[in-house]
């Protein structure tokens, strides 16, 4: 009977009976919240995020809202603005039934800053990477054009200094504001910055120069608008370089995890063993297996 | 006549006659917008930002909102949720009359990554800093307890390795989530990392250790939850160190501007002149006077 009221599938309010168990995480900066709860006895995760303020509805908001004065001081005044609800929606995602894995995924995790000496790398981190045998088959698929071939922006096929440049999954390529590309090297034996020595300088310089050139050609974005860096720890142990737009505060571009490619090159030029011997700092999430290894070794 | 309707100063809708000239900037991530326009022939800037989603009104939102189904796929479904407007307010600030300076302040500015060799510092940056005579009187007021004395969290009074630790202006101290403190050194002749040599290692180690201890004592936050770093370029040329919560993506913590204090110490230990000779990279806004100097010198 309800169906005749709306042409499209207007839903009943499925959240009417939702019972909150706990807030998994939230961000007052991004105006979102992740909630674990129950929908009719089933576990559910509800994700809410306020929508961006759109220029095309500003005039309507100004004319149709009510304003509550909060504070006035000289030329400054602040208000609580109450807009018509159809001009101020909240994007809502419901996962139901949700598994324990879903709940865990959205749970806020504390991170801990780990101090890894060159010796710690040899005795803790390297054995951990080796025993985990993290698969990088998906990387090989890209390098061999067995997957994502149509996404490749640029390639240098040289086996020694060559690489493939393609958009990161996080970038939808719809606007240049949040440009995010990854350069994946053809060499298969470089796990991370820890493996780099002066013999890799030519490879790194090649990626730096040709990556910047390709981005200028394709997106008309000059090098001075780019942040080019590596992660340590990386999320997979096959050397890759991140290219993001400088004005975009990309996830993972913080000083605690990112290393500017230009700095890496300089450091290797002045000391071939810089990344073998240097103490490196990086954050690890509470549930990261590597963190447990550092704890077991009494290094945290 | 309107006044009798509400006990407090409920305002008329001052934005009813607002005419938008241009959007100065906006952030779809932070759900805010900065607008330049006219209010009854006067220049005005209007700043709107959606409010965080609060846990204490979730139950009301779930029961009193309407939901429009957007997509359903397996266990996932997405909706546009329209909440009662008093549960979904927009924080609005009006600056009126606004000067050209206000308009410029909120205008989005492109940044450019500058490459500064040790020589560039001597020939471009240092003369610029000197001729500008940026006042740091407000810093001296803090060090001399002429201002903000009650805000000081910790002090080491030693003239050589001492410092004052206090909350950054950006932190309202209401929650520890976005903890942000600044350590300001008592020595007055260190402008930035460029002035640091191995003779400053004791000072830096003292700030690192005692700063971490003070934050543990006062906020019960261990060092593994902290990001401790310097800026280059700094916003004022009197040496200071930033302490922010690791899980808080603080403005200015990106790899293009921040330098981990632990790395700075290591670098000085291996080479006293590291920061004298090293090429450093940093972003400058389009309207920054220093950027013009780099352009004039043909370095951009």
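We did not get these values from a lab; they are worked out from the coordinates using the rules stated. These numbers come from a predicted model, not from an experiment. Cβ placement follows ideal geometry from the backbone for every residue including glycine, while neighbour counts extend to all protein chains displayed.
Working out 0.36 nm times the residue gap between residue B:126 and residue B:51, then minus their Cα-Cα distance, what length gain in nm do you get to one decimal? Intermediate values should be presented prior to the final figure.
Values: separation 75, 0.36 × 75 = 27.00 nm, distance 4.29 nm.
Net length gain for the segment: 22.7 nm.
Averaged over the residues of A:220-231, the number of partner chain Cβ atoms lying within 10 Å of the residue Cβ comes to 3. Residues considered: A:179, A:226, A:67. Largest GNM mean-square fluctuation over chain A, using C-alpha springs under 10 Å, is found at A:67. Between copies, the label points at residue B:296 (set 7 angstrom from Cα along Cα-to-Cβ) are spaced 6.1 nm, reported in nanometres from shortest to longest.
Applying a 10 Å radius around every beta-carbon, put A:68-81, B:188-201 in order of their mean neighbour count, most first.
Ranked by mean Cβ neighbours within 10 Å, highest first: B:188-201, A:68-81.
Dividing the Cα radius of gyration of chain B by its Kirkwood radius returns 1.04 for Rg/Rh. Between copies, the label points of residue A:202, set 7 Å from Cα on the Cα→Cβ line, lie 4.8 nm apart, reported in increasing order to one decimal in nanometres.
For residue A:138, inter-copy separations between label points set 7 Å beyond Cα along the Cβ vector come to 4.7 nm, shortest first. Mean residue ellipticity, 222 nm, helices only, the protein assembly as shown: the sum of -39500 (n - 2.57) across DSSP H runs of n ≥ 4, divided by residue count and rounded to 500, is -6500 deg cm²/dmol. Taking label positions 7 Å along the Cα-Cβ direction at both residue A:272 and residue A:115, the computed distance is 3.0 nm, reported to one decimal. Of the two radii for region A:92-155, the radius of gyration is 1.14 times the Kirkwood radius, both from the alpha carbons; that is the Rg over Rh value. What is region A:188-291 by shape, rounded, prolate or oblate, if you read a ≥ b ≥ c off the alpha carbon gyration tensor as root eigenvalues and call it rounded for a/c under 1.5, prolate for a/b larger than b/c, and oblate otherwise? Oblate, since a/c reaches 1.5 and b/c is not below a/b.
Averaged over peptide B:51-59, the number of partner chain Cβ atoms lying within 10 Å of each residue's Cβ comes to 5.
With contacts taken as Cα pairs under 8 Å and at least 6 residues apart, chain B reaches a relative contact order of 16 percent. For chain A, set up a GNM with springs between Cα atoms under 10 Å and report which of A:99, A:117, A:125 has the largest fluctuation. Comparing A:99, A:117, A:125 in the GNM, the peak value goes to A:99. Working from Cα pairs under 8 Å separated by at least six residues, relative contact order for region A:107-183 is 15 percent.
Provide a whole-number value for the mean count of partner chain Cβ atoms within 10 Å of the Cβ atoms in peptide B:64-71.
Whole-number average of other-chain Cβ neighbours for B:64-71 is 6.
Over all distinct Cα-Cα pairs of region A:2-106, the Kirkwood formula returns a hydrodynamic radius of 16.7 Å. Each Cα pair of the protein assembly as shown feeds into the Kirkwood radius, which the Stokes-Einstein equation turns, at 25 °C and 0.890 mPa s, into a diffusion coefficient of 90 µm²/s. Between B:92, B:279, B:244, the Gaussian network model of chain B with springs among Cα atoms under 10 angstrom shows the greatest mean-square fluctuation at B:92. With N counted as the residues of region B:77-199, its alpha-carbon radius of gyration over 2.2 N^0.38 Å works out to 1.58.
Share of Cα-Cα pairs in region A:150-219 beyond 16 Å, in percent? Roughly 49 percent, rounded to a whole number.
Measure nothing fancy, just the Cα-based angle from helix A:201-219's long axis to the longest principal axis of chain A, in degrees from 0 to 90, nearest 10. For helix A:201-219, the angle is close to 40 degrees. In this simple spin-label model, placing a label point 7 Å from the Cα along the Cα-to-Cβ direction at both residue B:70 and residue A:138 gives a separation of 2.3 nm.
Placing pseudo-labels 7 Å out from each Cα toward the beta carbon at residue B:217 and residue A:59 gives an inter-label distance of 6.1 nm. Report, in degrees rounded to the nearest 10, the 0 to 90 angle that the Cα long axis of helix A:261-270 makes with the longest principal axis of chain A. The angle comes out at about 20 degrees.
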